[in-house]
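Scroll down for the structure; my scribbles are underneath it.
Every read-out reported here was derived from the displayed coordinates using simple, explicitly stated rules and does not represent laboratory data. All values derive from a computational prediction rather than experimental measurement. No Cβ is skipped: glycine too gets one built from the backbone with ideal geometry, and neighbour counts run over all protein chains shown.
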Amino acid sequence: MLCLPCAPCGRLSHPSGISYLCPMQELPVINASQVNEQPRVKKPDWLRVKLPMGENYRHVRGLVDKNKLHTICESGNCPNMGECWGEGTATFMILGNICTRSCGFCNVATGRPEPVDWDEPQRVAEAMFLMKVKHAVITSVDRDELKDGGSIIWANTIKAVRALNPTTTLETLIPDFKGEWDNVQRIIDVAPEVVSHNLETVERLTRKVRIQARYHRSLEVIRRLKDAGMRTKSGIMLGLGEEKDEVLQSLQDLADNGCDVVTLGQYLQPSQKHLPVVRFVHPDEFAFFREEGYKMGLDYVEAGPLVRSSYHSERHVFAGEGRKKWLESKLA
């Protein structure tokens, strides 16, 4: 039911009906011969993380145990579990556990999804209330088989969360809805604090990494959201074979299309059947891209090997905070 920000992976269904991510579910997206050509690269020391601890973490830990909730934080050993729980943030997955797309980086099962569960929005809202979540991210699978792309459930979920958790801030990490703008408008109409849509990779690699997606359609999603007054966000994974200039171009494309917040993190291969890690990007490179992103005018740039699209998302709600801290660091 509850998941914490982590790399894209598979999902399971809790008995309540709310989906959550699971790293054990595999999706064959490339064949074995391709995998054998590029064996996994050994992880560097900078991908090591500290054990979770702290009073707030123990509070959430107690709620999870008492109410027998399942979390990807535990089953997937999410690198940000302690920090995110300590901050009172959580990410919820809606619209089932089967995706209509087959992205090369993602461990979500592809196939024919189950029928829409119209009671799901209320259960998500109740789960947030139970967890006493201060900030939540809602995301979903792609439901390309639905005329509305799942956007009605999206809107209903946001309304239900607001009714039961009026002080909880929301980020919605939405699909592209195949460029059906009426469906995007449903998200705009309920006005979550942040609306995110991930670019995921550079233009050259989009067809390989996001098979059914289009680079410029994703940029148009960001542009339309911004034009409607939304605070916008996107994320890019590094380590898939992109070049430095391509990353800079993607950052510039996002800035030019009205993106406020950008996250950059290291891609980690979910299984041998997924796209391999071409290289592990050094923290200094992430720092370089963070600096360049601010120079381009982005309002908040979150960059680092362990950064995931929802990492520190509670901080991304506030306009000007990231840029202010960046400018202060230049004067220090």
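Residues with beta-carbon under 10 Å from that of residue 316, excluding residue 316: net charge, scoring Lys, Arg +1 and Asp, Glu -1? With Lys, Arg at +1 and Asp, Glu at -1, the neighbours total -4.
I want the local charge near residue 164. Using Cβ-Cβ distances under 15 Å, sum +1 for each Lys or Arg and -1 for each Asp or Glu among the other residues.
Values: positive: 123, 132, 134, 159, 162; negative: 119, 120, 126.
Net charge around residue 164: +2.
In debye, nearest 20: dipole of the stretch 189-307 around its Cα centre with unit charges on the Cβ of K, R (+) and D, E (-)? Don't skip to the answer; put the middle values down first.
Numbers: 16 positive and 19 negative charges, 110 e Å.
Dipole about the Cα centre, nearest 20: 520 debye.
Give, as a single signed number, the net charge of other residues whose beta carbon lies under 13 Å from the beta carbon of residue 223, with Lys and Arg counted +1 and Asp and Glu -1. Could the numbers behind the result be given before it?
On the way: positive: 217, 224, 226; negative: 176, 220, 227, 253, 256, 260.
Taking every other residue near residue 223 into account, the sum is -3.
Around the amide H of residue 137, modelled in the peptide plane, lie the amide H atoms of 90, 91, 92, 171, all under 5 Å away and 5 or more residues distant in sequence or on another chain.
Counting pairs of alpha carbon atoms under 8 Å apart in space and at least six apart in sequence, what relative contact order in percent does the stretch 150-267 give?
Numbers: 165 pairs, mean separation 28.8, N = 118.
Normalised by residue count, the contact order of the stretch 150-267 is 24 percent.
Magnitude of the charge dipole for the stretch 127-221, about its Cα centre and with charges confined to Cβ atoms of Lys, Arg (+1) and Asp, Glu (-1), is about 240 debye. In the structure shown, the pairs 233/325; 244/273; 233/295; 178/273 are assessed against 20 Å; a Cα-Cα span above that value is assigned to 244/273; 178/273.
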